[in-house]
Each structure stands twice: as structure tokens, then as C-alpha cells.
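> First the structure, which I've put down as C-alpha cells, then a few questions once you've had a look.
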């Protein structure tokens, strides 16, 4: 049982190291986030969906990243000017 625990722990750490997200992954996450937040419909929805990519790019200009090899933290100023912090782990992002 002890060996199984260590094996699972080591595999989990190796996978976390290999799937540590980078800035490009975070930018793609922001694009999807902005598209999901778009509650408009019709032509306006299409226009705002197309503007999600430039908005994500502009947001990442203020990006501060800290890489811890197994995970990373991303601090941005959102569109409203407030700071948001995200934890990136296993190619997923969680708002802190």
C-alpha cells in the first residue's frame, strides 16, 4: 500500500511538471472565458466573440507570471482594472 502511494504521488508530480501551463495556454483560457461571459445574442454576440482575442491579448500585456515548475500563478488586471490571480495546474486554471 505504501509503494502504491509513492508511485501515484511520483506519477502525479511528473504529470504536473509536464502539463504546467504557459502564457499561451493562459491567453487561450482568457479568450474562452471572455466568450463565455458574452451574454449578447445575434450580430452583437458575433462581434464580441471576435473581440475576445484582442481583449485577451491586451489583458496579457499586464500579465505577471510566477513559474513554480509544477504549477504557475498568473496575475492580471482585468478589463475593469481590478487585479485577478489564477493558478495554472494540469493545463487548467483556477481563480484564486
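The values are calculated or read from the model by the stated rules, or taken from the named source; none is laboratory data. Because the structure is predicted, anything quoted here is derived from the model rather than measured. Note: ideal-geometry Cβ built from the backbone for every residue, glycine included; neighbour counts use all protein chains shown.
> May I ask you to list the residues in segment 47-75 that are touching a strand residue (DSSP E or B) at 6+ places or on another chain (Cβ under 8 Å), under 25 Å from residue 18 (Cα atoms) and modelled with pLDDT under 90?
60, 63
> Search segment 9-24 for residues that are surrounded by 10 or more Cβ atoms within 10 Å (Cβ to Cβ) and pair each with any residue that is at pLDDT below 90 and assigned to a helix (DSSP H, G or I) when their beta-carbon atoms are under 9 Å apart and the residues are at least 6 apart or on different chains.
Partner pairs satisfying both residue conditions: 23/60.
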